[in-house]
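I have placed the structure first, in the form of structure tokens, so that the comments after it can refer back to it.
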Amino acid sequence: MSLLLKGARIVGGTGQVHAGSAPVDVLLKHGVITAIGTGLTGTATIDLDGRFVMPGLWDGHVHLTQTALTRRRVDLTGASSATDAAAMMAAAERPAEGLPLIGFGFRDGMWATPPAKHDLDAVVGDIPVVILSGDLHCTWLNSAALAAFGMAGHPTGILREDDAFKVTTEAQTVPADVLDEWVAATATDVARRGVVGVVDLEMADTVQDWTRRFAAGFRGLRIATGVYTPWLDSAIEAGLRTGQVIEGTDGLLSVGPFKIITDGSLNTRTAFCGEPYEGLVGSDASGQLNLPTAELVALMRKASRAGFTPAVHAIGDEANRLALDSFAAAGCRGRIEHAQLVREVDYARFAELGVAASVQPEHAMDDRDIADRYWSGRTDRAFALRSLLDAGAELILGSDAPVAPLDPWVTIAAAVGRTRDGREPWHPEQRITIAQAIAASTNGVQTVTRGNVADLAILDIDPLAATPDQLRAMPVAATLLAGYFTHNEL
């Protein structure tokens, strides 16, 4: 069986349009592009009528389980104060007896007063309430939840970093089979945006989780699944390594990088910086280093020698400096996740050390005001995509979903326009081109060419001529994964 895509205009990740924009035919057989030209024939034919065809899109950093769960939690992204957020939780439908009421998405960095347990106690009462911050580095609990999670008497109910991660994991009570259905539904939704694959950095035993899902028939996306420190030894003992394809998954499931978190986040004010946050004092005024550098280097050496590519979470400029130092000391290549604030002298070190910058441009749109407030005087080197690219760094674009939408077109629009909601562009000197953003969103596949796996996105408009607003709303007519449709509105 072969499929002929007739009348396609091919867009490459480098920004080149095939054959001077003249429509061509693309022949697919057994999940591979076998020919591109004119006058081709296939068992089945679909006339694209001049639509644009490009490599399928990837999101380089997601938490897919959290994304699926977030869709079923109380949405607090619009809360403008602790009182506002508490009222939203009070109005929410109550969970089954014994389960916590869970919210997601509060960002308190610009709130006039910080949130505290008593804000929730006053309106929700004895129901355990757990709210995850929009950056996933902080949780806000009421007194009932603190007692339920063994922290009765905690003074504020605000937990950060490892304490927050622990509660986030323990509060997840959905049965595995139900959760797998929700994850599959999320995959179906993102396929509508031209997505063919993600790097899943969920903080769990995701190799086991995804092996189970594929055994049950999941075939919605390519998954490169990350490994965290608690599961590193077992992964090494099993002979796994980054890039390895897991058997029995039709080649769709592979082992991703080894993920290590070294600092916090901007909104939680725990990203580790060389200077204090504006207005903060005390021992944590410059953020928090979650892992001593000597331990980081040891873990990176261990993982890289076993064939794992380290992916180091670093947001503050001091955390990025230390991460780059650690790559040099460990003698390995890899990725830095986020790289939100970077010293100018460190831009070139990414390329020199073979370290990719795995960045999430929409975070700049979410955090521009809080960055202006807490990183005052430093924002010219925040989310510095152009500076990193000009210094030779490889960019990998992603969303960090559910922190930002799992939609590469939103990501690309933020990288290209540095604006949203009609505001003036924020540090427009750090914009990159549409072609560069697409190239950083296709997992290294630069164009549609003979011999490539048929992972494709079919678009109704030319992405290279689109405005940032058009990119955000990009009409995707179809998505093919290994030659079969995961989304089709042709």
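The values are calculated or read from the model by the stated rules, or taken from the named source; none is laboratory data. Predicted model only: the values in this text are computed from it and were never measured. Methodologically, a virtual Cβ is constructed for each residue, glycine included, from the backbone with ideal geometry; neighbour enumeration extends over all protein chains shown. With ligands, DNA and RNA removed, areas are computed over all heavy atoms of the protein, side chains included. Shrake-Rupley method; radii C 1.70, N 1.55, O 1.52, S 1.80 Å.
So the values come out like this:
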item: Kirkwood-based Rg to Rh ratio, region 342-428, C-alpha trace; result: 0.96
item: Surface share of carbon and sulfur [accessible, 1.4 angstrom probe, percent] for the chain; result: 51 percent
item: Relative packing of peptides 175-182, 128-135, 398-405 - highest average C-beta neighbours within 10 Å first; result: 128-135, 398-405, 175-182
item: Fraction of beta bridges assigned by DSSP in the chain that are antiparallel (%, nearest 5); result: 45 percent
item: Rounded FRET efficiency, nearest 0.05, which uses the C-beta distance separating Asp205 from Glu352 and R0 of 51 Å; result: 0.90
item: Estimated FRET transfer efficiency when R0 is 41 angstrom, pair Ala147-Ser234 (beta carbons, to 0.05); result: 0.75
item: Reduced Cα scattering model of the chain, Debye log10 I(q)/I(0), q = 0.09 Å⁻¹; result: -0.62
item: For the chain, calculated [θ]222 nm from helices alone, where every DSSP H run of n ≥ 4 adds -39500 (n - 2.57); result: -8500 deg cm²/dmol
item: Label-point gap, in nm, between Asp284 and Gln244 - each point 7 angstrom along Cα→Cβ; result: 3.8 nm
item: Sum of side-chain charges, Ala187 neighbourhood, beta-carbon under 12 Å (Lys, Arg +1; Asp, Glu -1); result: 0
item: The chain: angle of helix 82-91 to the longest principal axis, Cα-based, in degrees nearest 10; result: 70 degrees
item: Contour excess over end-to-end distance, with Cα ends at Asp163 and Val123 and 0.36 nm allotted per residue; result: 11.9 nm
item: Simple label model, 7 Å out from Cα along Cβ direction - Thr433 to Ala91, nm; result: 4.7 nm
item: For region 225-356, accessible area per residue (1.4 Å probe, heavy atoms of protein chains only), Å²; result: 38 Å²
item: 23 Å Cα-Cα reach of Lys6 towards lysines, excluding residues that sit fewer than 8 places from it in its own chain; result: Lys29
item: Per-residue ³J(HN,Hα) for region 385-390, Karplus 6.51 cos²θ - 1.76 cosθ + 1.60, θ = phi - 60°, Hz, x for Gly and Pro; result: 5, 4, 5, 5, 5, 5
item: Segment Lys29-Asp469, length gained on full extension (0.36 nm per residue, minus Cα span); result: 154.8 nm
item: Protection-proxy order for peptides 55-67, 384-396, 34-46, 244-256, each taking the mean of Cβ atoms within 10 Å per residue, highest first; result: 55-67, 384-396, 244-256, 34-46
